[in-house]
Amino acid sequence: MKRSKTSKAWMREHVTDFFVKQAKKEGYRSRAAYKLIEIAERDHLLAPGMTIVDLGAAPGGWSQAASERLGSNGRIIAVDFREMLPLPGVTFIQGDFTEASVLAQLEETLGKCPVDLVISDMSPNISGIGMVDQARGMHLAELALEFSMTRLNSGGNFLVKVFQGSGFDEFLGNMRASFNRVVTRKPGASRGRSSELYLLGLGKQD
Ligand SMILES: C[S@@+](CC[C@H](N)C(=O)[O-])C[C@H]1O[C@@H](n2cnc3c(N)ncnc32)[C@H](O)[C@@H]1O
């Protein structure tokens, strides 16, 4: 099949991208790893021995970067409906996080283990219809927030990808009501033209 102009432009941009080259050099599975690394360093999110839930984890850049910083006592449970190759210290659940059966599997895997940090980089499959994609993206962020509120330790943290647009202000309000402090982050590896940004809730309230 012939490549479209946009997919050719995407490929050209991808192969010349600094973070793609860096990920190849340093052995990270995705350029996205650098988004978490930058935020985690700035906000001191990762520490040895933590338990983390990584939502929308494939191909695994965030889990990989986190597991390197958690050490052998750390634990990561990663969820994605796409396949993900194994990583040390990471238990992978393949399935759709919006489905009750997948949530139940995640709950069962966690058992009574308290969760220190939830990270969600979930992005919906893009339909190309702006309003639909925005609504789908916000829905994923809301489900991740709901999960965080039931499973995070008191004082735990939550990092989530959101897209600026309809529903954003309401979601930000919900975050502010749930955490002691909420900050926005746009890491260097997040493309400037993308409306994506990250909200970080620090200190889950009881
Ligand atoms: C931007 S990628 C994540 C990249 C990842 N953080 C990394 O560093 O490699 C977004 C992921 O969200 C996943 N995703 C989107 N909706 C999902 C859902 N409902 N349940 C599980 N995974 C989902 C996609 O399959 C995709 O792999």
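The values are calculated or read from the model by the stated rules, or taken from the named source; none is laboratory data. Just so you know, these numbers come straight off a predicted model, no measurement behind them. As a convention, Cβ positions derive from the backbone with ideal geometry for all residues, glycine included, and neighbour counts pool all protein chains shown. The protein model used for the area step is the full one, side chains on, heavy atoms only, and it has no ligands, DNA or RNA in it. Shrake-Rupley method; radii C 1.70, N 1.55, O 1.52, S 1.80 Å.
Details
- For the options S194, S30, S120, a Gaussian network treatment of the chain with springs between C-alpha atoms closer than 10 Å singles out S194 as fluctuating the most.
- Counting DSSP beta bridges with both ends in region 30-204, the antiparallel % (nearest 5): 40 percent
- Aspartates and glutamates with Cα under 13 Å of K35, excluding same-chain neighbours fewer than 8 positions away: D43, D121, E196
- For the chain, modelled as a GNM whose springs connect Cα atoms under 10 angstrom apart, the maximal fluctuation among N125, N180, N157 occurs at N125.
- Here the Karplus relation 6.51 cos²θ - 1.76 cosθ + 1.60, evaluated at θ = phi - 60°, turns the backbone of region 88-100 into coupling constants of x, x, 10, 9, 9, 10, 8, x, 8, 4, 6, 8, 4 Hz, with x for every Gly and Pro.
- Based on C-alpha pairs under 8 angstrom that are at least 6 apart in sequence, the chain has a relative contact order of 16 percent.
- Where only DSSP H runs of four or more residues are counted, the chain gives -13000 deg cm²/dmol as its mean residue ellipticity at 222 nm, each run worth -39500 (n - 2.57).
- Neighbours of A47, meaning other residues whose beta-carbon lies under 9 angstrom from its beta-carbon, give a summed charge of 0 when Lys and Arg score +1 and Asp and Glu score -1.
- Cβ-defined net charge surrounding N153, 15 Å radius [Lys, Arg +1; Asp, Glu -1]: +2
- Using a probe of 1.4 angstrom and keeping all protein chains present, the accessible surface of the chain works out to 52 square angstrom per residue.
- Entries in K24/K204; K24/K186; K25/K112 that, when Cα-Cα distance is taken, lie over 28 Å: K24/K204; K25/K112
- Close amide H partners of R75, meaning residues 5 or more places away or on another chain with modelled amide H under 5 Å apart, are M50, T51, I52.
- In loop segments of region 58-146 as defined by DSSP, the trypsin sites (Lys or Arg not before Pro) with at most 13 further C-beta atoms inside 10 Å of their C-beta are R82, K112.
- Chain lengthening between N125 and T109 when straightened (0.36 nm per residue, less Cα-Cα): 3.1 nm
- Principal axis dimensions, largest first and in whole angstrom, of region 84-197 by Cα: 39, 33, 28
- Positive contributions from Lys and Arg (+1) and negative ones from Asp and Glu (-1), summed over other residues with Cβ under 11 Å from the Cβ of A65, come out at -2.
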